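Accompanying notes for the structure given below.
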Ligand SMILES: Nc1ncnc2c1ncn2[C@@H]1O[C@H](COP(=O)(O)OP(=O)(O)OP(=O)(O)O)[C@@H](O)[C@H]1O
Ligand SMILES: [Mg+2]
C-alpha cells in the first residue's frame, strides 16, 4: 500500500481501566476482615451471580441474542456438582468445577445447535422452552434429583487441602469467599480477553449486522454457537460455585424466573458495557436480600424498585455512571 | 483480456415472477463495468446471485473457471468476490476503523482467535488505517459507523469490501442517496482505488453521466434480461437502450430505493 499513515491505536486503552479496578479489588480483598459475616456471604453470592451475568452478556451485549434460558446452564452446573457428590462421592471443588464445565459444554452444544439459527424473540422463546424442559426433568426424575427437596451438598474441599469441617460459616466467609473471588477474577479476565479478541469483534459484528458479517466471510451460525457454549459454560461455573453457598440444589434455579433474574442483572448494570452485568449482579443481589428481609411483599417491592431503576437509568448503572463521568470531564 | 466471471443462463424466480431470466453476463479481468437498467430490472438480484446472498434457480456461475453456483458466501469471498450494498450495510456500533479491521481479521482467518487481543495486532490496524486513508475516511477512523454521513457510509461500505482484497468487486449503487455534488468525488475515489489495484469492478449506477465517464464497458438490463452490452460509445448510440432506458425519463426515486 502506497499511502503512508501512522497507526491509530484504538481508543479503548485497557490498561488505564485497570486502575479503576485496583481500589475495588482492594475492597474485595479486605472485606471478610472488616464486614459482618452476613455481608461477606452476600457478596460471595453476588460474585457468583456476576460470573453468570458476564456469561449471559456475551450473548446479549456482544452477540445480540437475548437468552431467556440461562437458568438451564446455571442449573446444569449446580446439579452436576450435586450428582458428582451423590453418585461419585467427589468432594474436590476443582473436580466439581471441571464436571460443571463438562456438563455445561455438553448441554449448551446440543441446545445451541437448535437455538443459534434463530434471533430476537424466537431465540429467547426457544432458550426459555429448553430450560423449562430441564426444569420439568428435575421433577420427573425425582429419585435422581431429589425433586422439590433438591439435593443436599456438603462443603467441598478446596485445592485438595482446605476443608469446611467444623464451623461452616467461618469456612464460607473466609476460605470459600476467597476461592469464589479467585474464580471470579479468572473468569472476568478470560471473558475480557474474549470480548476484546478478534473473535469478540466478530460477535459484535454479527450483533450489528448479520448480513454484512456474512459478507466479510464470518460463518455466523458457527460463531453464535461457540458464543452460546462459552456463555453457558461461564454460567455453569457460576452454578457450581453457588452450590456450597446454598448447601442445597433445588429446581428453582432451573426455572425460567431464575433466567429472568440474570437478564435483570445485566440490564440493571448495563449490558452495553463489560462491567455492567457485574455491578448489576452484585446490586441486584443486595436489593433482593434486603427486600426479602423487610417485607413479605418483597417481590412486589422489588419489582417496583427495578422498574423505577430501569426507567430512570435506561443504560444501566454503569452506562449512566460513564455518561456522568464523561460529562464531568467536560464536553469533548 | 480473460474472462473473470461468467454467468450462464442464470435464473432467479420470485414466485411466478422472473427477476433474472436466463442471463449470460461476463466480467473481464481488470475492467470497470457499469450495470445499468431501470428500477426492478434485476440488477441487484443478479449481484445477489453472484455474491451468494441468493442461490440461482437455474444456470451456472463460473468464477475463474470454477463453478461457484452453489458455493456458500464464505467460499466465494475466499475465491475473490466481494460486494457492497445498495442500502448501506455496516456495523453501526463499531468505529469506522473497526469496520474495516474486521474485514481484514476475517480475510486473514484471525476471527477464530478468541484468546488474543485484537488491539494488539498492529499490522491489521496499520492496514485498516491505510484502507480508510485510501477512501478518504481517515479523519473519521474513531467515529462509530452509525454516526457517519450518508456519503461517508457509502464509502465505508465499499472500503469494507475492498479490505477483503477481492479480485472482483460489485458495487451496488455506491452513490445512491448522496447529493449530486458529492457523487463525483465518491466515484473518483472508488474508481481510482479500483484501477490502481487492478481490481475488476461491476458498478450498478443510475446516473448516466457517472456511467459514461467511469466505465470501460456497459451492460444494460431490462426486465430480467440483458438488453445491450458494449462500450460507452456503442451504448450511447444503441437504439434499444435509447428507447427503453435513456430516452424515457427515469421515474422519481426515493433516496434509498429497491432491495
Ligand atoms: N426477495 C424478493 N422477493 C420478491 N421479489 C423480489 C425480491 N427481490 C427483488 N424482487 C423483485 O425483483 C425485481 C428485480 O429487483 P432488483 O432489486 O434486482 O432490481 P434492481 O434492478 O436492482 O432495481 P433498483 O434499481 O430499483 O435497485 C423487482 O421487481 C423486485 O420487486
Ligand atoms: Mg438494485
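Overview of values
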read-out: Residue that is farthest from residue A:197 (Cα to Cα), among those in segment B:89-110 that are more than 7 Å from chain A (Cβ to nearest Cβ) and outside any helix (DSSP H, G or I); value: B:95
read-out: Residues of segment B:111-125 satisfying the condition of being assigned to a helix (DSSP H, G or I) and touching a residue at least 12 places away in the same chain (Cβ under 8 Å); value: B:118, B:124, B:125
read-out: Verdict on residue B:220 being buried (at least 21 other Cβ atoms within 10 Å of the Cβ) and over 20 Å from residue B:25 (Cβ atoms); value: no
read-out: Residue list for segment B:160-193, filter: modelled with pLDDT of 90 or more, assigned to a loop (DSSP other than H, G, I, E, B) and away from ligand 1 (no atom under 16 Å from the Cβ); value: B:163, B:164, B:165, B:166, B:167
read-out: Odd one out for residue B:113, checked against (1) under 24 Å from residue A:230 (Cβ atoms); (2) more than 7 Å from chain A (Cβ to nearest Cβ); value: (2)
read-out: For residue B:94: the one exception among (1) within 28 Å of residue B:152 (Cβ to Cβ); (2) within 16 Å of ligand 1 (Cβ to nearest atom); (3) touching a helix residue (DSSP H, G or I) at 6+ places or on another chain (Cβ under 8 Å); value: (2)
read-out: Any strands (runs of 3 or more DSSP E) falling wholly within segment B:15-88 and containing at least 2 residues that are within 13 Å of ligand 2 (Cβ to nearest atom); value: B:17-28, B:32-36
read-out: Enumeration of residues in segment B:86-100 that are more than 28 Å from residue B:39 (Cα to Cα) and free of Cβ contacts under 8 Å to residues at least 60 places away in the same chain; value: B:93, B:94, B:95, B:97, B:98
read-out: Test for residue A:270: is it free of Cβ contacts under 8 Å to residues at least 60 places away in the same chain and more than 14 Å from every other protein chain (Cβ to nearest Cβ); value: yes
read-out: Pairs with Cβ under 7 Å, 6+ apart, first in segment B:37-50 and in contact (Cβ under 8 Å) with a residue 60 or more places away in the chain and within 12 Å of residue B:245 (Cα to Cα), second within 6 Å of ligand 1 (Cβ to nearest atom) and not in a helix (DSSP H, G or I); value: B:39/B:257; B:39/B:258
read-out: Segment B:116-126: number of residues that are within 25 Å of the chain's Cα centre (by Cα) and more than 7 Å from chain A (Cβ to nearest Cβ); value: 1
read-out: Meets criteria (within 23 Å of the chain's Cα centre (by Cα), part of a helix (DSSP H, G or I) and within 13 Å of another protein chain (Cβ to nearest Cβ)) for residue A:236; value: no
read-out: Scope segment B:199-242; condition under 20 Å from residue B:42 (Cα atoms), out of contact with any helix residue (DSSP H, G or I) (no Cβ under 6 Å at 6 or more places or on another chain) and part of a strand (DSSP E or B); matching residues; value: B:202, B:203, B:217, B:219, B:225, B:226, B:229, B:230
read-out: Any hit, segment B:75-85, residues being at pLDDT 90 or above, at the interface with chain A (Cβ under 7 Å from one of its Cβ atoms), within 16 Å of ligand 1 (Cβ to nearest atom) and buried (at least 19 other Cβ atoms within 10 Å of the Cβ); value: yes
read-out: Residue in segment B:196-217 that is at pLDDT 85 or above, within 14 Å of another protein chain (Cβ to nearest Cβ) and either within 16 Å of ligand 2 (Cβ to nearest atom) or within 24 Å of residue A:211 (Cα to Cα) (or both) present; value: yes
read-out: Within segment B:167-185, tally of residues that are within 16 Å of ligand 2 (Cβ to nearest atom), more than 14 Å from chain A (Cβ to nearest Cβ) and in contact with a strand residue (DSSP E or B) (Cβ under 8 Å, 6 or more places away or on another chain); value: 2
read-out: Selection count where residues are at the interface with chain A (Cβ under 7 Å from one of its Cβ atoms) and surrounded by 17 or more Cβ atoms within 10 Å (Cβ to Cβ), scope segment B:128-146; value: 6
read-out: Among residues of segment A:262-276, those that are in a loop (DSSP other than H, G, I, E, B) and surrounded by 24 or more Cβ atoms within 10 Å (Cβ to Cβ), counted; value: 2
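The values are calculated or read from the model by the stated rules, or taken from the named source; none is laboratory data. What you see is a predicted model; the values in this text were computed from it and never measured. Quick reminder, even Gly has a Cβ in these numbers, built from the backbone with ideal geometry, and neighbours come from all protein chains shown.
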